[in-house]
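K.L.:
Just dropping this structure here.
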Amino acid sequence: MPAVQETVDRVRRIDVDQYRYGFETVIESEKAPKGLSEDTIRYISGKKNEPAWMLEWRLEAYRRWLTMTEPTWARVDYPKIDFQDLYYYSAPKPKKQLSSIDEIDPEILKTYEKLGIPLREVAILEGVEPKPGAGSPETRKIAVDAVFDSVSVATTFKEELKKAGVIFMPISEAIREHPELVQKYLGSVVPTSDNFYATLNSAVFSDGSFVYVPPGVRCPMELSTYFRINERNTGQFERTLIIADKGAYVSYLEGCTAPQRDENQLHAAVVELVAHDDAEIKYSTVQNWYPGNSEGVGGIYNFVTKRGDCRGNNSKISWTQVETGSAITWKYPSCILRGDNSRGEFYSIAISNGYQQVDSGTKMIHLGKNTSSRIISKGIAAGRSQNTYRGLVTAHRKATGARNFTACDSLLIGDRCGAHTVPYIEAKNSSATFEHEATTSKISEDVLFYCIQRGLSQEEAVGLVVNGFVKDVLQQLPMEFAVEAQKLISISLEGSVG
Amino acid sequence: MALLEIKNLQVRVEEREILHGLTLTIDAGKVHAIMGPNGSGKSTLSHVIAGKPGYEVTGGEILFKGEDLLAMAPDERAAKGVFLAFQYPVEIPGVATMTFLRTALNAQRKARGEEEYSTPDFLKKVREISKQLNIPQDMLKRGVNVGFSGGEKKRNEVLQMALFQPSLCILDEMDSGLDIDALRIAADGVNALRSPERSMIVITHYQRLLNYIVPDVVHVMSKGRVVKSGGKELALELEASGYAQFEDAA
């Protein structure tokens, strides 16, 4: 059928021209010597003026990493990574000690401006309709921590957050200023021995964000970190640690982009969340790393370990992710439901096009009594991409009354892509109730023709149908991210229809 | 003046010829009924006019307002005023009917170089039309045709027709799956849209629909051709004697 053919042809023409964040910032940088050794780790630790315990922690992780092998169980295929051919630390060369945002290299500020990330302390919601109950636009602000290659370049609204008792700062600073908190929580959710990439991260992580919300405090604004890989042949290994103490609430957003390059770049982050009694953490990601070009050349290898620990009773952790970038995505944001009545949620949209490979999903580990979890996953595959949902839902034998609902829907555009669903379900307690639903459908030519007959272009029609398909998940995002995500979905699929 | 001129149209689907030189002229403001047995090519004709992929035109031409319709992309045809009310309207989960209507209307207006409707103007217009068609507001908030009854789906088609104000409406078996009350509501909606500038092609197997939408001209199709044309009384004649008499004529 001509239309089918047309759609498929257009999908094949997907190109990097669609990637709008592919520019490079020309800036002097300071790098660690290439390759990985104990010296590299000492160099990084020294750069950050870290206390001795931190260096020891890193070295221990490094020694452990040397004994580990790369995991191969994911449905992704890539040439072997030469870990000695990478830079593990790169920082914009500081001209002098920075005391205010005005002293940041203007090139970097320009980069963030181009990306639409406000580093100046302004409310960015002007003219946008507020979500019901979200407060008026002028009172809604977003605090941003911007990470450029290996260092945090700016954190906004620090003072205002401090008044509320919230600590939001680069983790490198937190190690020096709040060592008791960092030592207590770092590695308590994702231990240094957890997996190959998490262990590597533990050894070489250079920066990331640290958040601590004290008991009973509702964080007065959305917190956001924006990650940018700029330097060539440089891995980015950020580490994020978020703690919501008893009865606290925080909503955290994360965004990522990288320049367009022919070589692959490695990104191996670790995110740890800890929610104490009655606390709630909402973590949203819009991941748009460079996906590689139409031949599958270049792009980010994204090997990320994200895990939340519902440590207290009645605590709640909710992951929402919109994944459109990266050549390879290997990522399973998970929840350990340790506290009684705790709740974990995972909402995901994963879009793959061109030669992208996505193996993503979640783990819900029910340990406490009457814990519940909910998984809504929407995978969209176009081009020659492979999109896999991999999920684990498990109930410990003491987890009486555990409940899970899982819905995995996949949508295929064209006939050269693949969607796969790999659910693992284990119930060791007979009172557990687990539900799993999965569907796979092809975008129907009849639906497209109906839209086109009403005046929509082929591209608009695909965009509309896809946005309808992912609506349940988009609704979970904070509004300003939902708008961005919706645009991103259209851009990611732009090549799919011309 | 002729709004639509179809001359000697030949159409194939996967090597098989379905229309073997069909000729039909429709003047502005007229309602033409096309009747005929299953497989006579009625739906093929409606799909080819709207530009549905999968059909190969091997001969003949279609002029719409004097322009070469076959040279236009299907969304272009919609913007120019060709509207096909589908026999089986599709469901689009997650896309609110209101969003769909607005996106489509603005896409058409943009293609014609007209300004987009403002939100209040658009809402006012949709409310007005949906009231006439007895469409409850909550239906407009639901996904396009998701969970709609047969009657609701057809009313939703008429709603779009009223909103887009096309100059050519093709109603493909609008009566299929409708009970008599639902049929009357839909037909009333269609009749309200009759005007000296707007032409309609009403495709149906049964004379029943034509009691509600009274045509100016009736054509009988058989085996890919128009085999007989006449006034509205031709439909009654068919109802009495059936299509068999035309099978040989074709």
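The values are calculated or read from the model by the stated rules, or taken from the named source; none is laboratory data. None of these values were measured; they are calculated from a predicted model. Virtual Cβ from ideal backbone geometry, glycine too; neighbours counted across all protein chains shown.
K.L.:
Which condition breaks for A:I300 when tested against (1) assigned to a strand (DSSP E or B); (2) of a type outside the set (F, W, Y); (3) surrounded by fewer than 24 Cβ atoms within 10 Å (Cβ to Cβ); (4) in contact with a His (Cβ under 7 Å, 6 or more places away or on another chain)?
P.N.:
Of (1) assigned to a strand (DSSP E or B); (2) of a type outside the set (F, W, Y); (3) surrounded by fewer than 24 Cβ atoms within 10 Å (Cβ to Cβ); (4) in contact with a His (Cβ under 7 Å, 6 or more places away or on another chain), only one is false for A:I300: (3).
K.L.:
Within region B:179-189, track down each residue that is farther than 18 Å from B:L84 by Cα and of a type in the set (A, V, I, L, M, F, W, C).
P.N.:
Step one: filter region B:179-189 for residues farther than 18 Å from B:L84 by Cα, giving B:179-182, B:184-185.
Within region B:179-189, B:I180, B:A182, B:I185 qualify.
K.L.:
What number of residues within region A:67-83 satisfy the criterion of being loosely packed, with under 11 Cβ neighbours inside 10 Å and among the hydrophobic types (A, V, I, L, M, F, W, C)? Even if it seems obvious, please write down each step before you answer.
P.N.:
Of region A:67-83, the ones loosely packed, with under 11 Cβ neighbours inside 10 Å are A:67, A:69, A:72-73, A:77, A:79-80, A:82.
Subset that is among the hydrophobic types (A, V, I, L, M, F, W, C): A:73.
Qualifying residue count for the region: 1.
K.L.:
Just one of B:A96, B:A104, B:A111, B:A73 is surrounded by 21 or more Cβ atoms within 10 Å (Cβ to Cβ) and at the interface with chain A (Cβ under 10 Å from one of its Cβ atoms); which is it? Spell out how you get there, then give the answer.
P.N.:
Details: B:A96 fails: surrounded by 21 or more Cβ atoms within 10 Å (Cβ to Cβ); B:A111 fails: surrounded by 21 or more Cβ atoms within 10 Å (Cβ to Cβ); B:A73 fails: surrounded by 21 or more Cβ atoms within 10 Å (Cβ to Cβ).
Among B:A96, B:A104, B:A111, B:A73, only B:A104 is surrounded by 21 or more Cβ atoms within 10 Å (Cβ to Cβ) and at the interface with chain A (Cβ under 10 Å from one of its Cβ atoms).
K.L.:
Taking region A:435-463, which residues are modelled with pLDDT of 90 or more and buried (at least 18 other Cβ atoms within 10 Å of the Cβ)?
P.N.:
If the condition is that a residue be modelled with pLDDT of 90 or more and buried (at least 18 other Cβ atoms within 10 Å of the Cβ), then A:V447, A:L448, A:F449, A:Y450, A:C451, A:I452, A:Q453, A:R454, A:G455, A:L456, A:S457, A:A461 are the ones that fit.
K.L.:
While we're on this one: Any chance you could count how many residues in region B:233-246 are free of Cβ contacts under 8 Å to residues at least 40 places away in the same chain and not in a helix (DSSP H, G or I)?
P.N.:
Final tally of qualifying residues: 1.
K.L.:
What's the number of the condition A:I336 fails, among (1) farther than 15 Å from A:R403 by Cα; (2) touching a strand residue (DSSP E or B) at 6+ places or on another chain (Cβ under 7 Å)?
P.N.:
Condition not satisfied by A:I336: (1).
K.L.:
Right, something else. Is it the case, given these coordinates, that A:R416 is under 24 Å from A:L253 (Cα atoms) and basic (K, R)?
P.N.:
No; evaluated as a whole, the condition is false for this residue.
K.L.:
Given the conditions (1) touching a helix residue (DSSP H, G or I) at 6+ places or on another chain (Cβ under 7 Å); (2) surrounded by fewer than 16 Cβ atoms within 10 Å (Cβ to Cβ), and given that B:G36 satisfies all but one, which numbered condition is not satisfied?
P.N.:
Going through the list (1) touching a helix residue (DSSP H, G or I) at 6+ places or on another chain (Cβ under 7 Å); (2) surrounded by fewer than 16 Cβ atoms within 10 Å (Cβ to Cβ), B:G36 breaks only (2).
K.L.:
Looking at (1) more than 14 Å from chain B (Cβ to nearest Cβ); (2) closer than 18 Å to B:P93 by Cβ; (3) touching a residue at least 60 places away in the same chain (Cβ under 8 Å), which is the one condition that is false for A:E484?
P.N.:
(2)
K.L.:
A follow-up question, please. Would you pick out the residues in region B:106-146 that are of a type outside the set (S, T, N, Q), over 18 Å from B:C169 (Cβ atoms), touching a residue at least 40 places away in the same chain (Cβ under 8 Å) and part of a loop (DSSP other than H, G, I, E, B)?
P.N.:
Listed by number, the residues that qualify are B:R142, B:V146.
Residue-by-condition table, conditions (1) acidic (D, E); (2) modelled with pLDDT of 95 or more; (3) under 29 Å from A:E70 (Cβ atoms):
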{"position": "A:V213", "(1), (2), (3)": "no, yes, no"}
{"position": "A:G216", "(1), (2), (3)": "no, yes, no"}
{"position": "A:S224", "(1), (2), (3)": "no, no, no"}
{"position": "A:N233", "(1), (2), (3)": "no, no, yes"}
{"position": "A:I242", "(1), (2), (3)": "no, yes, yes"}
{"position": "A:N264", "(1), (2), (3)": "no, no, yes"}
{"position": "A:A268", "(1), (2), (3)": "no, no, yes"}
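K.L.:
Condition first: away from chain A (no Cβ under 14 Å) and either of a type in the set (K, R) or surrounded by 14 or more Cβ atoms within 10 Å (Cβ to Cβ) (or both). Now tell me which residues in region B:127-148 satisfy that.
P.N.:
The answer is B:R127, B:I129, B:S130, B:K131, B:Q132, B:L133, B:I135, B:M139, B:L140.
K.L.:
Next question. Return the residue satisfying two criteria in turn: it lies in region A:445-465 and is more than 7 Å from every other protein chain (Cβ to nearest Cβ) and of a type in the set (G, A, S), and of such residues it is nearest to A:A402 (Cα to Cα).
P.N.:
Ranking the qualifying residues of region A:445-465, first place goes to A:G463.
K.L.:
Can I ask one more? Only residues that are part of a helix (DSSP H, G or I), touching a residue at least 40 places away in the same chain (Cβ under 8 Å) and farther than 15 Å from B:N145 by Cα: list them for region A:460-473, please.
P.N.:
Within region A:460-473, A:V462, A:V466, A:D472, A:V473 meet the criteria.
K.L.:
Separate question: Name the residues in region A:416-448 that are part of a strand (DSSP E or B), closer than 16 Å to A:A381 by Cα and of a type outside the set (A, V, I, L, M), would you?
P.N.:
A:G418, A:H420, A:T421, A:T439, A:T440, A:S441, A:K442, listed by residue number.
K.L.:
Same structure again: Before we move on, is A:A432 away from every other protein chain (no Cβ under 14 Å), surrounded by 21 or more Cβ atoms within 10 Å (Cβ to Cβ) and more than 20 Å from the chain's Cα centre (by Cα)?
P.N.:
On the way: away from every other protein chain (no Cβ under 14 Å): yes; surrounded by 21 or more Cβ atoms within 10 Å (Cβ to Cβ): yes; more than 20 Å from the chain's Cα centre (by Cα): yes.
Yes; evaluated as a whole, the condition is true for this residue.
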